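Worksheet: the structure to be examined is printed underneath.
The values are calculated or read from the model by the stated rules, or taken from the named source; none is laboratory data. None of these values were measured; they are calculated from a predicted model. Here Cβ is always computed from backbone atoms with ideal geometry, including for glycine, and neighbour counts include all displayed protein chains. Note: areas computed on protein heavy atoms with side chains; ligands, DNA, RNA excluded. Shrake-Rupley method; radii C 1.70, N 1.55, O 1.52, S 1.80 Å.
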Amino acid sequence: MRTKRTGIRPFLTMAASTALMVLACSPAPEAKPDRIYTYDLPASTGWIDATATLDPATTPVYEGDAPMKFDFLKDMRKGDGFTLSVYSLGAHSGTHIDAPMHFVRDGASIDKLPLEPLIGPARVIDIPDGVQSIDAAELNRHNWKGTPRVIFRTRSSLRGWMKSSTFHRDFAYIAPDAAQLLADAGIQLVGVDYISAEQFGAPAPRTHRILLGKGIPIVEGLALETVPPGDYFLIVLPMKVAGHEGAPARAVLQKL
């Protein structure tokens with residue numbers, strides 16, 4: 001015998017449709033993020049270029065390092081259809097970054113350097129013209145603690161040596177005992193305003209080994225002639241060269 005159809009199934013279908021319409025019209029529950037991030041980013045204006053211009057006529061080259069040479073393969077000013085340049089220079093030319101590989105056998109190369117130390121608050125410390133060795137005693141005469149990045153403005157800035165092609169051996173340098181204090185304090189980056197942080201002719205590169213041995217990148221050759229001491233936001237990014245120990249970089253500062 002055929003069973004008589006009832007209206008139960010259509011009723012259930014209608015009820016389900018109504019429930020879906022109610023759910024669709026109801027406000028979605030507010031999402032609750034696991035963590036709220038806030039950033040106090042620097043303004044887009046007011047940046048100071050702390051990069052030395054690469055120019056064989058005005059940029060110093062460390063004694064014994066590769067000379068800088070910039071040529072044009074094609075030049076529109078000479079009738080060519082386009083301009084094309086070729087650059088030849090050492091990895092430690094002008095404003096540059098030393099990666100751990102520079103003096104640590106198994107240290108990270110410049111392309112493996114993490115970005116975090118290269119971006120963030122930094123303190124520019126004024127070192128008097130008469131000071132050549134920034135040792136622990138000199139370092140502790142200044143307010144350097146409590147900042148993640150330390151940059152030294154020295155006699156090199158006062159005398160304009162990053163704009164002179166003459167190499168000066170008597171530049172101010174970071175002594176090993178000061179480097180040890182900085183490394184032990186957890187400083188993330190150290191910067192100087194000449195093309196080396198190490199004493200010229202030092203019997204061993206102890207300053208480099210102390211800092212780079214802790215994974216602390218060293219920025220050398222900063223152009224700080226017009227930069228007063230104080231707290232800044234720093235961005236310094238090297239060329240990404242695979243498997244090498246250093247590279248030229250562009251460095252900018254903004255006053256905090």
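How much of the accessible area of the range 36-147, probe 1.4 Å, is carbon plus sulfur, in whole percent?
55 percent
State, to one decimal in nm, how far the label point of Phe70 lies from the label point of Ser133, with both points 7 Å from Cα in the Cβ direction.
Result for the modelled spin labels: 3.8 nm.
Highest mean first, how do 209-221, 86-98, 115-127 rank when packing is the count of other Cβ atoms within 10 Å averaged over residues?
Packing proxy ranking, top to bottom: 209-221, 86-98, 115-127.
Report the equivalent ellipsoid semi-axes for the range 144-256 in whole Å, largest first, defined as the square roots of five times the eigenvalues of the gyration tensor built from alpha carbon atoms.
Each semi-axis is √(5λ); the values are 19, 18, 16 Å.
If you count only protein heavy atoms with a 1.4 Å probe, what accessible area per residue comes out for the range 45-133, rounded to a whole Å²?
I get 57 Å² per residue for the range 45-133.
Determine Rg/Rh for the range 151-199; Rg is computed over alpha-carbon atoms and Rh is the Kirkwood hydrodynamic estimate from the same atoms.
Using only Cα positions, Rg/Rh for the range 151-199 is 1.01.
Of all alpha-carbon pairs in the range 69-157, indicate the percentage at a distance above 24 angstrom.
Tail of P(r) above 24 Å: 51 percent of Cα pairs.
Where in the range 217-246 is the amide nitrogen less than 13 Å from a point lying 7 Å along the Cα-to-Cβ axis of Lys163?
223-227
Would you mind working out the magnitude of the charge dipole of the range 108-256 relative to its Cα centre, with +1 at each Lys and Arg C-beta and -1 at each Asp and Glu C-beta, to the nearest 20 Debye?
Using Cβ point charges on Lys, Arg, Asp and Glu, the range 108-256 gives about 220 debye.
Percent of Cα-Cα pairs per 5 Å bin, from 0 to the last occupied bin, for the range 83-219, please list those.
Result returned by the calculation: 2, 10, 19, 24, 20, 14, 6, 2, 1, 1, 0.
Just the accessible area per residue of the range 148-190, please: how many Å² with a 1.4 Å probe?
Result: 36 Å² per residue.
Compare the Cα positions of Leu158, Ala204, Ala172 along the charge dipole of the range 133-205 (+1 at Cβ of Lys, Arg; -1 at Cβ of Asp, Glu; about the Cα centre) and return the one farthest towards the positive end.
Value computed over the given set: Leu158.
With a 1.4 Å probe and all protein chains left in place, how much of the accessible area of the range 161-200 comes from carbon and sulfur atoms, in whole percent?
Reported share for carbon and sulfur atoms: 44 percent.
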